[in-house]
There are 2 protein chains.
Amino acid sequence: MLKTLLIGFGCCACVLALGIVIGHFGISKPESPALSWADDVVKDVDENFITTFLSEVDNKEIEQNLRELTKVPHMATTEGDEQTVQFMLKRWKDSESGLDEAWREEYSVYLSFPDPKNPNKVTVVNASNAVLHTVREKEINYTSDQNDPNVVPPYAAYSPPGNIKGKLVYANYGRPNDYMLLNETMDLRGTVAITRYGGAGRAAKAINAAPYGVVGVLVYTDPYDINDGLMSDQNETYPHSWYLPPSGVERGSFNTLYGDLLTPYLAAKGIVQKWYSPSEITPIILKHVTFSSKITRIEFPALDGKMAPNDWQGSFPCPYNFGGPGFKAASTFKDSKVKVDIGNYDVVKNSSNVMGIIRGSVEPDRYVIYGNHRDSWVHGAIDPSSGTSVMLEISRVLGRMVKQGKWRPRRSIIFGSWGAEEFGLIGSAEYTEQYFTKLSERTVAYINVDIAVNAPGFESTSVYDNWIKYTNKTSPTHGVIPRFLEVTTLRLSITSGSLLWTCPTRTIGARIYPAYHTAYDTFDYASKYIDPGFTSHQAVARTAGNVLLRLADSLLLPLSCGDYAETLEDYLKEAVMQYEEQLKAKDLSMEPIKLAVSSFRRAASHLEEVIKNSDLKNEPLKVRMINDQLMLLDRAFLDPLAFPDKYAFRHVIWTSSSAGKPTFPGLADAFAKAASSGQQSDWDKVHYHLSILTQAIEGAAHTLTSTF
Amino acid sequence: MLKTLLIGFGCCACVLALGIVIGHFGISKPESPALSWADDVVKDVDENFITTFLSEVDNKEIEQNLRELTKVPHMATTEGDEQTVQFMLKRWKDSESGLDEAWREEYSVYLSFPDPKNPNKVTVVNASNAVLHTVREKEINYTSDQNDPNVVPPYAAYSPPGNIKGKLVYANYGRPNDYMLLNETMDLRGTVAITRYGGAGRAAKAINAAPYGVVGVLVYTDPYDINDGLMSDQNETYPHSWYLPPSGVERGSFNTLYGDLLTPYLAAKGIVQKWYSPSEITPIILKHVTFSSKITRIEFPALDGKMAPNDWQGSFPCPYNFGGPGFKAASTFKDSKVKVDIGNYDVVKNSSNVMGIIRGSVEPDRYVIYGNHRDSWVHGAIDPSSGTSVMLEISRVLGRMVKQGKWRPRRSIIFGSWGAEEFGLIGSAEYTEQYFTKLSERTVAYINVDIAVNAPGFESTSVYDNWIKYTNKTSPTHGVIPRFLEVTTLRLSITSGSLLWTCPTRTIGARIYPAYHTAYDTFDYASKYIDPGFTSHQAVARTAGNVLLRLADSLLLPLSCGDYAETLEDYLKEAVMQYEEQLKAKDLSMEPIKLAVSSFRRAASHLEEVIKNSDLKNEPLKVRMINDQLMLLDRAFLDPLAFPDKYAFRHVIWTSSSAGKPTFPGLADAFAKAASSGQQSDWDKVHYHLSILTQAIEGAAHTLTSTF
């Protein structure tokens, strides 16, 4: 396997200018004279300070952070989680390298756990309910870490408790098309579907199954999808390599929403009363389908029915059949059913975010937020502790500078260590709900580093060189540049980025690293196979810190509205190519949206001219005015009515789309639906999305001029 | 009648500080030295300039404006409307007293007009359809104005065309309780209800009737409700006094929403495609009920049935009966029905706003908006031209100062002359939809002066003295102060005020001046009976201009978060008194909301301390930071999900409420519903409103500190 390096910078907005500068740090500037009040107000980012910061980021410190964070399992709200809370607080309150202030923000949130007295079970039972086979309930231990009694057994969080029994069928990734095809070969009512991870979200595998009368869904990881295709033998996997051992199980939440389920759009603080009761939210989670998540290499060879198509085949050494439903008459499982017993229980528990702040000197009311979740499923060395270790190293270096009086950022830097992310982004969602208006009005950008490094590999050139080599795009304005991976954005619509070392060349494009959400994601695993020496972690810390400092200290925010225009133009081009002809046939015109994109480009060019022609060093209020325009640009694309069926999505450019086209998500989804149904009411929705897009883009363009 | 003066300042937010300063203009300050850049940035409002402004506001100019604006009828989108557009543009582009720039913003909007070929008719017909009586179709002319062929005959805009026939009944004000009582005396199915203006919105009179099977609703003005009780004889009314003549009819829109009906939440620009078709919006307007608006003093004496209660009686010299339904056997209308023929047609037409701007010198990206609608039903001398005349005088005085280089506001001043208001606030709503984000992020305040003066009367003391004498309140913080009338706020949640001279002592508290929306609202009427000499108009212009200048020029915005806290405390007190006991019985606690209001008060006091302890003259960025907090405070109370059934309402403090209590509107409405139905799902809604209120108030409190 070619070992290479890549940074994907997920970006919801106009952060492009960042990419350009990252490759060029180290340009020195003359030292500032002693600061007077006026000098302070117009001070720009200090390149020497960035150089110092980069040199002080220490891989050994990161390694030590990771060792500390991964001592014990730290699933949300457990005792291990509380230990990490204390550790973060201790570090951020340290008198020599801590922040200005650090504190805990607690929420009481709705969680789901397996019941030790009533463990989850998947068995094969015959007609007289005799158990013919029991699926393994926990992973095989290879290191002492895994002997910890607090290793949570594999389970599907939020799967409602209950017992079901049905004939087994194989449903590939559990995508809508998978069930549609399967349904053509048999009557699915009363069956239990086994699906493999990948291709569709966890809960989607069950939601997609429900219309066909499937009563239960099992999810397992096929070696094909995680171990670079074929490696699945016990000797080829961890502890012998980074590959997932056969008994490894990916845990996960089967909640489709974001934030605490009982308090949608409201912070789950004591002060806010619970709005939903669990019985009311059950329909969101699904009523009749029960989940489990188990590897099984015994059931597959026994499955009856026709052989499934090529792209349904995995890496177990047998053909993958659809199922009869059920097992072959020739197998020991003849006439048997699969029985699933779920003993999960739901509970409201206190989960903590740990927050810290370095207050800004000139614009304390402008925030650059840097965050990561703290909770894991088991030890979580990679997910999320690699990112937390990096965050702690950045805060250590910056905190020390502040404590020594050597530096204070222009804008406030807020660090967030979120709780209960694994259950559905709960800690960060509650935080944004609690401080919604304040954050929306004042946040310059959010940087997230969750999994910092998820694959081995390093080339000894610069981050920038690696980035532009392996993940690039050609921009009409800038030529070849590092490519940012675009991400969707939820309610707040704050310019956001996520950094990650990954490996672009894994054979089959596995969606994640092999030990993800299993009991094998430990310090041993991370330090042996992912990043021995922690130099990749160090590079992430340097890069993320560099971005953070430029956002916090630049006089003019490093956000480019021209690059935003480029994205809109790309999206428009794709939309015209994909949809214009068919829209015309329905009497729907794309001219308004074309005019809107032109208006946006014109307004962006105008603002760029204003910036170029301004004497920013002498006009502190004008700098603030321009920065406000850049900071708030993304907010102009919010429409709380655009996606009534998509919880928390409001951004007409950066919302998740199921159509999978690199274009306007609402239009793409509406078009796909109308083209498939042919119904006038669906074409009306296309019409609606054309209208709201047009108005949003025009509205955003208006914000790029200071008056009228 | 005691003739007195009053200014009601409708206020959605924290404008209280304004009230305090208005009484004290004229305090002089030393002249500024020659401006350097730094001085300019921290320049405060200039009291000498305000004094100059006040002295230049000219009553004769206002009179001349009104004469010009009321030459011809100028209903929205008619030729007369276009003449007023041209007049506004000419004035605002004038080289000696115009603004920096003025332009037209056009929207194509859905309107409803009577069809001259198919006029609306109300007749009494006997069993063989012979017409026994026809209700007058237009007002009697008393002045030459009314001979204008463009006087639109009385009609109910958006009443769907059609013909209905039914027995007549009298339904008082058409409130829910009125129909409920009426329904106890007879079967209302198939009847036509006659209702009087007042007590309920126009459309509500029909919406409330629909559940009982009423097929048509007529609306008339009872002399009791408009002519101070009893005066209704032809010799006592206009042209002999300001009272409404017997043939006067109040026109009006029976649309319950705001803005263009075909493009809800979207600007009705060419660039945005129409989203609803008329057939889809009909249900909003009502399907089976037809409106008309006619005075009738013939039908009443003939109405059969029991005599209606005292508070149903009006000023016609006869007892008001419920109706049989239908007429007395002894009357000439025996066995007759009322027939209503509506010939309205709907049409999409271009309506214009006229916009003008004086750009700010220091903070051009902060807007103080001053507006009024321009369209009338007929000549509209009072509604809206009294307000437009005042606006033009303010813009003339300020425009001249700008053209002469003597003054430029710190912040931009935007003037808006809205189109098609009478049909449902269309011009202003489309404007806010088009520039939603830009206005929301940058508008300091909005001042509306529609009807500037609606009653005769003046006492020769100052505006402030009159105000505090006739409309005051006692504040725990400030003692006795002028009272602001609180108004609801729609989507944007911008601090807003509305100014009006009115008369607090009219005998029965008539809801409006007698000629409102009739053909008698002419220059003759206004100059003879409402404000001879135009000195009341002048006082409004001075006061509104004074407020405008303080909002535009003050270094620190004259908005008080402490006064906002006071309102929240008043609301809370009322809510605790009204609801706490019953909430406790339902296990719902008011403690969270009490804590939230305390948090808000604490945060407001903190900000007031910060302001007091700041050296604002030397900290331009800090001033901007504090001003942003004050300007945006109201935005923190927006929740787009709080009122799913109330179009365009999002503000959890300033939304319209039907419960009529001076407290939190969502809570009050939810409580009234739950207390009446007793259903658990309704108590859950109360719970929900407690939660969103708590979070909104806490969230607003958070915005009053600059960091965390």
Report summary line: Of the residues B:S475, B:V547, B:G562, the Cα lying farthest along the dipole of region B:460-600 towards its positive end, which is defined by charges on the beta carbon of Lys, Arg, Asp and Glu, belongs to B:V547
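Report the relative contact order of region B:115-343, percent, no decimals, based on alpha-carbon pairs under 8 angstrom and at least 6 residues apart.
31
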Query raised in the report: Which residues of region B:689-708 bury at least 30 Å² of accessible area once all protein chains are present, versus their chain alone (1.4 Å probe)?
Result: B:S691, B:Q695, B:H702, B:T703, B:S706, B:T707, B:F708
Requested in this report: Could you order B:E421, B:E363, A:E56 by accessible surface area, starting with the largest, using a probe radius of 1.4 Å?
Outcome: A:E56, B:E421, B:E363
**Report entry** Prolate/oblate/rounded call for region A:29-176, Cα gyration tensor, a/c under 1.5 rounded
**Finding:** prolate
Requested in this report: Could I have the simple spin-label model distance between A:K60 and A:L555, label points 7 Å from Cα toward Cβ, reported in nm to one decimal?
Outcome: 4.0
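At a threshold of 8 angstrom on Cα-Cα distance, excluding pairs fewer than six apart, so keeping six or more, what relative contact order does region B:561-702 reach in percent?
Numbers: 136 pairs, mean separation 43.8, N = 142.
Reported relative contact order: 31 percent.
Per residue, how large is the accessible surface of region B:413-476? Use a 1.4 angstrom probe and give square angstrom.
27
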Query raised in the report: By DSSP, what percent of the beta bridges with both residues in chain B are antiparallel, rounded to the nearest 5?
Result: 55
Requested in this report: Using only the Cα atoms of chain B, construct the convex hull and provide its projected area averaged over every direction, in square nanometres to one decimal.
Outcome: 31.2
Report summary line: Over the protein assembly as shown, the sum of -39500 (n - 2.57) across DSSP H runs of at least four, divided by residue number and rounded to 500 deg cm²/dmol, gives at 222 nm -10500 deg cm²/dmol
Query raised in the report: Between B:S496 and residues 5 or more places away or on another chain, which pairs have amide H atoms under 5 Å apart, with H built 1.01 Å from N, and which residues are they?
Result: B:C12, B:A13, B:Y446
Report summary line: Placing each pseudo-label 7 Å from Cα in the direction of the beta carbon, A:K584 and B:N618 end up separated by a distance in nanometres of 6.8
Report task. Indicate the residues belonging to region B:605-647 that lose 50 Å² or more of solvent-accessible heavy-atom surface (probe 1.4 Å) upon moving from the chain alone to the assembly of all protein chains, ignoring ligands and nucleic acids. Result -> B:L621, B:R624, B:M625, B:L641
Query raised in the report: Taking the axis about which chain B rotates onto chain A, which residue of B lies nearest it as judged by Cβ position, and how many whole Å separate them?
Result: B:P640, 2
Report summary line: Per region A:119-346, sqrt(5λ) over the Cα gyration tensor eigenvalues, sorted largest first, in Å, gives 29, 23, 17
Query raised in the report: What size of dipole, in debye to the nearest 20, comes out for region B:531-678 about its Cα centre when the only charges are +1 on Lys and Arg C-beta atoms and -1 on Asp and Glu C-beta atoms?
Result: 160
**Report entry** Average Cα contact separation per residue, chain B, under 8 Å, 6 or more apart, as relative contact order %
**Finding:** 21
Query raised in the report: Which residues does a label at A:M180 reach in region A:668-708, if reach means a backbone N under 16 Å from a point 7 Å past the Cα toward the Cβ?
Result: A:669-679
Query - Rounded accessible area per residue of region B:33-107, 1.4 Å, Å² - result: 47
Report summary line: Label points for A:K528 built 7 Å along Cα→Cβ; distances to same position in the other copies, nm, shortest first, come to 10.3
Query raised in the report: Shortest first and in nm to one decimal, what separations exist between B:K573 and its copies in the other chains, measuring from label points 7 Å along the Cα-to-beta-carbon line?
Result: 6.5
Query - Options A:I426, A:Q578, B:T52, ranked by Cα towards positive dipole end of the protein assembly as shown, top entry (Cβ charges) - result: A:Q578
Report task. Just add up the charged neighbours of A:G259: K/R +1, D/E -1, any other residue whose Cβ is under 11 Å from the Cβ of A:G259. Result -> -3
Requested in this report: Run the 1.4 Å probe and let me know the accessible area of B:D100, rounded to the nearest 10 Å².
Outcome: 50
Report task. Can you pull out the buried accessible area for chains A and B, both sides counted, probe 1.4 Å, rounded to the nearest 100 Å²? Result -> 5600
Query raised in the report: Quick one: how many Å² of A:L693 are accessible to a 1.4 Å probe, rounded to 10?
Result: 10
**Report entry** Long-range amide H partners of A:R483 with built H, under 5 Å
**Finding:** A:T471, A:N472, A:K473
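Cβ under 10 Å from B:K43's Cβ, B:K43 left aside: what net charge do those residues give with Lys, Arg +1 and Asp, Glu -1?
Net local charge, B:K43 excluded: -3.
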Report summary line: Along principal axes, largest first, the alpha-carbon spread of region A:561-703 in whole Å comes out as 60, 30, 21
Report task. Have a look at the DSSP beta bridges in the protein assembly as shown and tell me what percent are antiparallel, nearest 5. Result -> 55
Query raised in the report: With every protein chain present, what is the per residue accessible area of region B:561-702 (1.4 Å probe, Å²)?
Result: 39
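For A:Y435, B:Y258, give me the order by solvent-accessible area with a 1.4 Å probe, most accessible first, ignoring ligands, DNA and RNA.
Numbers: A:Y435 20, B:Y258 65 Å².
Ranked list, largest accessible area first: B:Y258, A:Y435.
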Requested in this report: Taking the dipole about the Cα centre of chain A, with the C-beta of Lys and Arg at +1 and of Asp and Glu at -1, give me whichever of A:H74, A:M180, A:G371 is farthest to the positive side.
Outcome: A:M180
Query raised in the report: What spacing in nm lies between the two simple spin-label points modelled at A:A130 and B:E96, each 7 Å away from Cα in the Cβ direction?
Result: 11.1
Query raised in the report: From the label point of A:V480, set 7 Å from Cα along Cα→Cβ, how far away are the matching label points in the other copies, in nm, ordered shortest to longest?
Result: 8.2
Requested in this report: Please state, to two decimals, what the Cα-based radius of gyration of the protein assembly as shown comes to when divided by 2.2 N^0.38 Å (N = residues).
Outcome: 1.02
Report task. Output ³J(HN,Hα) for region B:545-550: one whole-Hz value per residue in order, computed from phi by the Karplus curve 6.51 cos²θ - 1.76 cosθ + 1.60 with θ = phi - 60°, and x for Gly and Pro. Result -> x, 4, 4, 4, 5, 5
Query raised in the report: Treating the beta-carbon of each Lys and Arg as +1 and of each Asp and Glu as -1, no other charges, what is the dipole magnitude of chain B about its Cα centre, to the nearest 20 debye?
Result: 880
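Using a/c under 1.5 as the rounded threshold, could you call region A:377-501 rounded, prolate or oblate? The axes a ≥ b ≥ c are square roots of the C-alpha gyration tensor eigenvalues, and prolate needs a/b larger than b/c, oblate otherwise.
Values: a/c = 1.30, a/b = 1.28, b/c = 1.02.
It comes out rounded by the Cα gyration axes.
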Query raised in the report: Magnitude of the Cβ-charge dipole of the protein assembly as shown, K/R +1 and D/E -1, about the Cα centre, nearest 20 debye?
Result: 1700
Report summary line: Share of accessible surface on carbon and sulfur in chain B, whole %, 1.4 Å probe and ligands ignored, is 52
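The values are calculated or read from the model by the stated rules, or taken from the named source; none is laboratory data. Everything quoted here is computed from the prediction, not taken from an experiment. Every residue, glycine as well, gets a Cβ built from its backbone with ideal geometry; the counts of neighbours run over all protein chains shown. Keep in mind that these areas ignore ligands, DNA and RNA; they rest on the heavy atoms of the full protein, side chains included. Shrake-Rupley method; radii C 1.70, N 1.55, O 1.52, S 1.80 Å.
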